[in-house]
Amino acid sequence: MKLVIKLVLWVFILILSYQLYQSIIGPVHFNEAKEERYVAVIAQLKDIKAGQEAFQEVTGSFSANFDSLVRFLDTAEFAITARRDTSYADVAKNRAFGLDAQKGGYYIEDIIIDTLSFVAIKDSLYPKSNRYQTMMNIPNSEAQYELRAGKLDRNGTIYSVFEARASKDIILAGLNPDLISQEKQVNSVDGVNGPYVKVGAMDDVNTSGNWPKLYDTAKDK
């Protein structure tokens, strides 16, 4: 009888020990996996942002879908330009006042922009890489980022806006559901706030991401 009681106690102790261990190590493993996944997602969102900013620079607005964005990046080019100042005689004004341009007459100051060459946007933004062609795919998932674009009126001025985002449910799929639920409610200066990891906004003139600075390199900053 005593032996049975001892065995039951040992089983009980082992179960408690395992639960205690899991309560400590579980969040550690979760955070390690979370950080690894966030790094990959944020890298892609930065690529999407770079592509969208180039798209806007050339077309005047942001792309509302990845098909048009990728097609643009496949073919579009940046112009390499040089700026130079110049001046020349204001013939009409000098004639009106009977002045000689060489003797105190009027001159017009001007700026000339020379186009020197063109460079493929994809080579400028994603050198030696075609990762932009798959940047819509969320890592470790069969899902894609949600991408939206439109216009926003701010005090009578119309701005182009966009937002690309992924749900934390998708990014963290397969991890502890309770910890995922907690992560979706994060609101701190050192965390990725809210239920999404995203860049841009549809309700604000903002192309930044919602992640803290610790995810940015010196180049990003």
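The values are calculated or read from the model by the stated rules, or taken from the named source; none is laboratory data. Treat the numbers as computed from the prediction; the structure is a model and nothing was measured. When we count neighbours, we look across all protein chains shown, and the Cβ atoms used for this are built from the backbone with ideal geometry, even at glycine.
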Would it be correct to say that Lys168 is in contact with a strand residue (DSSP E or B) (Cβ under 8 Å, 6 or more places away or on another chain) and more than 24 Å from Arg71 (Cα to Cα)?
yes
Take the residues in region 164-196 that are out of contact with any Phe, Trp or Tyr (no Cβ under 9 Å at 6 or more places or on another chain) and charged (D, E, K, R), then tell me which one is surrounded by the most Cβ atoms within 10 Å (Cβ to Cβ).
Asp169
Filtering region 160-207 for residues that are over 30 Å from Thr59 (Cβ atoms), in contact (Cβ under 8 Å) with a residue 40 or more places away in the chain and among the acidic types (Asp, Glu) leaves a count of 1
State the number of residues belonging to region 123-138 that are part of a loop (DSSP other than H, G, I, E, B) and either without any contact (Cβ under 8 Å) to a residue 40 or more places away in the chain or over 17 Å from Pro195 (Cα atoms) (or both).
8
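Can Phe78 be described as at pLDDT below 95 and surrounded by 16 or more Cβ atoms within 10 Å (Cβ to Cβ)? If you could, list the steps in order and put the result at the bottom.
Values: at pLDDT below 95: yes; surrounded by 16 or more Cβ atoms within 10 Å (Cβ to Cβ): yes.
Yes: the conditions hold for Phe78.
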Residues (at negative phi, without any contact (Cβ under 8 Å) to a residue 12 or more places away in the chain and part of a loop (DSSP other than H, G, I, E, B)) located in region 140-159:
Glu142
Quick one: in region 208-221, of everything that is touching a residue at least 12 places away in the same chain (Cβ under 8 Å) and not acidic (Asp, Glu), which residue is farthest from Glu146 (Cα to Cα)?
Leu214
Among the residues of region 188-201, is there at least one that is closer than 21 Å to Asp47 by Cβ, within 12 Å of the chain's Cα centre (by Cα), outside any strand (DSSP E or B) and not hydroxyl-bearing (Ser, Thr, Tyr)?
yes
